[in-house]
Amino acid sequence: MKKFPICFWNYATFDQMGENPVKDWVDAGFTMALSPVFRSGIDKPERMVKLLDECLENNISVIIDDIRCKLDGVLEDEENYRKNFAEMLRQFGDHKAVYGFYVADEPKGDKMSAAMKAIKIQKELAPEKEPFINFNPYYDGNEASLGGVDFETWAHGFIEKSGIKQFSYDAYDQLNPDDATHRGINFYYMNLFKYTAAAKRENLPLWVTNLAVGHFRFRCPTEDDLRWQLNTTVASGANGAWWFFLYLRFPRINYRLAPIDECGRRTENYERLARIQNIFGHQFGELFTNLIHDETYHTGLSFGGYPLLSYKTHKYLKEVESKNGMPGLVSFFHTREKDIYMAFVNNSQTESDCFKFTFTKNVKEIYRVVYGLTPEKTVLTEKDKDYPVIKTVNGSFEVNCLKNDNANNCYSNNGEFHNEAWLAPGQMEVYRLVTE
C-alpha cells in the first residue's frame with residue numbers, strides 16, 4: 001500500500017525525543033520523519049542506524065538531518081563539504097529507510113546559490129536519494145529575497161538549475177486572529193495558489209508545512225484547525241503535508257502546546273493530530289497518492305485568488321448550496337486510468353454546515369469514498385447487501401451514493417444528481433464521478 005507523505009519538523013536531539021520516538025510517530029499516523037539532529041563527533045552513528053531500522057520496520061521514510069548535509073558547509077569550504085557528505089553517506093546513505101537529506105530551511109536570496117550547489121553535490125554523490133529544501137511563503141513585494149525576480153521566474157530557475165525533485169514551503173498566517181478582510185486565510189490560499197501552480201508547471205510534487213504549535217500571535221490549533229489545514233492543503237493539490245513542529249524540547253518565548261511538550265509528554269494536540277492523520281490516512285491516504293489535481297474552486301467566498309465556482313458553468317458540478325452560508329472548497333482530480341474524483345471541504349475554520357451539491361447531467365453515478373472497512377465487513381447493513389462497499393484499484397473504499405448512501409439525501413431528478421453532506425470545519429468528502 002502506498003502512503004501519502006505526512007511528516008514533521010523535528011529539531012530534537014536523540015536524547016530529547018524520549019525512549020521510543022518511532023512509536024510516537026507511528027501512533028500519530030506519520031508516514032515520513034525528519035530525523036533528530038545528528039552531531040558528528042558527538043552522537044554515535046549506531047543510534048541513527050537503530051532509528052532507521054525501526055523506521056524501515058514501520059514503513060516510515062526518513063530525511064536525515066545532519067550538519068554535514070546542510071548548505072552552510074558549502075559556503076565555508078566546498079571541497080570539505082564533499083568530503084563530509086561522503087562520510088555521512090558511508091554511515092547512513094545506503095539505508096533503505098532513507099528518503100534523502102536535509103539541505104536548508106527558508107534560504108534567503110544570498111543563500112540560494114549555495115543551496116543549489118549543495119543539492120547538485122548531493123545528487124552527484126547520492127543520485128538515488130533526494131535532497132530536501134524548504135522555502136519561505138511568498139509575500140507580495142518580497143522579490144528581493146528571491147534574487148530580485150518575480151515568484152514564477154524564481155521558482156522555475158531554482159528548480160531547473162538545482163534539479164530538486166519536490167517543492168516545499170511553509171505558511172502559518174491562517175492561524176492568526178481572523179479579521180474582516182480574512183487576511184491570514186487569504187495569505188494561506190495565495191501561497192497555495194502560487195506554489196501549486198509552480199509545482200504543476202515543473203511537474204513536481206508539492207509539500208506544504210502547516211502549523212501544529214501556538215506561538216507569536218498564532219493560536220494553539222484546535223482539532224478543527226488541524227483538520228482544516230490538512231484537508232484544505234491536500235484538496236488544493238498538495239502531494240505531502242508537514243507540521244511545524246512535533247517536539248517543544250524546552251520553554252521558549254510563547255511556544256506552547258506542541259504535540260509533545262517540553263516535559264516529553266504527549267499533549268491533547270498530539271491526540272488531535274493523531275486522530276485526524278490516522279482518519280485521513282485510512283480513508284484517503286492511498287487514494288491521494290493516485291490522484292492528479294486538475295482544478296480548485298471556492299464556493300460562497302473566494303480566498304487568495306482562487307476562482308469562485310459559478311452557477312451552471314462547470315462540466316460536472318452545477319451548483320453548491322450552503323445551508324448557513326459557510327464557504328466551501330471544491331477540487332477535481334483524475335487518475336491515470338481517467339477516473340474522475342471530486343473533493344469538497346467545508347472551508348470554515350469554526351462552523352459546521354450542510355452543503356448540497358447539484359451535479360450536471362454529465363454525471364451518471366456518484367460513489368462516496370468511505371472509511372475503509374475490512375474485507376469481512378464490506379456490507380453496510382443487511383438491506384444493502386446487494387450494494388456492497390467496494391475497494392477500487394485507486395486504493396479507496398466506496399459506496400454508491402444513490403443506492404446505499406441515503407443518509408446524505410442522494411437522489412436523482414430529471415437526470416441530475418443531488419447530494420448533501422454535513423461537514424465539520426475542515427472536514428472533507430471525496431466522490432468518484434462516473435461520467436459520459
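Since every read-out is calculated from the coordinates, none of them should be taken as a lab result. Remember, it's a predicted structure, so these values are computed and weren't measured experimentally. Reconstructed Cβ throughout: ideal geometry from the backbone, glycine too, with neighbour counts over all protein chains shown.
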With 0.36 nm assigned to each residue of separation and the Cα-Cα distance removed, Ile279 to Tyr11 gains 93.8 nm
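Which order do Ser412, Ser310 fall in if you start with the one that has the fewest other Cβ atoms within 10 Å?
Details: Ser412 16, Ser310 10.
The most exposed by this proxy come first: Ser310, Ser412.
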How many percent of Cα pairs in the chain exceed 27 Å?
-> 55 percent
Mind pulling the angle between the C-alpha long axis of helix 45-57 and the longest principal axis of the chain? Nearest 10 degrees, somewhere in 0 to 90.
-> 20 degrees
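Suppose the chain between Thr435 and Glu268 were pulled fully straight at 0.36 nm per residue; how much longer would it get relative to their current alpha carbon spacing? Intermediate values should be presented prior to the final figure.
Working: separation 167, 0.36 × 167 = 60.12 nm, distance 4.36 nm.
Gain on extension, Thr435 to Glu268, equals 55.8 nm.
Within a Cβ distance under 13 Å of Thr209, other residues only, what is the Lys/Arg minus Asp/Glu net charge? Numbers along the way, then the final one.
Numbers: positive: none; negative: Asp105, Glu106, Asp170, Asp173.
That works out to -4.
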Anything over 32 Å Cα to Cα? Flag those among Lys312/Lys338; Lys44/Lys200; Lys2/Lys403; Lys120/Lys338, in the order listed.
-> Lys44/Lys200; Lys120/Lys338
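Using Cα-Cα distances under 8 Å and only pairs 6 or more residues apart, what relative contact order does the stretch 293-435 have, in percent? Walk me through the numbers before you get to the answer.
Working: 306 pairs, mean separation 39.1, N = 143.
Relative contact order, the stretch 293-435: 27 percent.
Compute the FRET efficiency between Ile390 and Asp77 as 1/(1 + (r/R0)^6), taking r as their Cβ-Cβ distance and R0 = 45 Å, and round to the nearest 0.05. Mind dumping the intermediate values first?
Values: r = 59 Å, r/R0 = 1.31.
Calculated value: 0.15.
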Please tell me the relative contact order of the chain in percent, rounded to the nearest whole number, where contacts are Cα pairs under 8 Å and at least six residues apart.
-> 13 percent
Helix 268-280 vs. the chain, principal-axis angle (Cα, 0 to 90°, nearest 10) | 60 degrees
Approximate spin-label separation Leu308-Glu87, in nm, with each point projected 7 Å along Cα-to-Cβ = 6.1 nm
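So if each residue of separation counts as 0.36 nm, and I subtract the Cα-Cα distance between Lys23 and His156, what length gain in nm does that give? Mind showing how you got there, number by number?
Numbers: separation 133, 0.36 × 133 = 47.88 nm, distance 3.90 nm.
Result for the pair: 44.0 nm of gain on full extension.
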Counting alpha carbon pairs within less than 8 Å and at least 6 residues apart, what relative contact order, in whole percent, applies to the stretch 1-108?
-> 26 percent
For the chain, cysteines whose Cβ has no other cysteine Cβ within reach (under 4.7 Å) | Cys7, Cys55, Cys69, Cys220, Cys263, Cys354
Once the Cβ-Cβ distance between Ala144 and Asn414 is put in as r, and R0 is 51 Å, what FRET efficiency do you end up with, to the nearest 0.05?
-> 0.35
Computed over the chain: longest principal axis from alpha-carbon atoms vs helix 78-88 long axis, angle to nearest 10 degrees, is 70 degrees
Aspartates and glutamates with Cα under 15 Å of Lys356, excluding same-chain neighbours fewer than 8 positions away = Glu319, Glu321, Asp405, Glu416, Glu420, Glu429
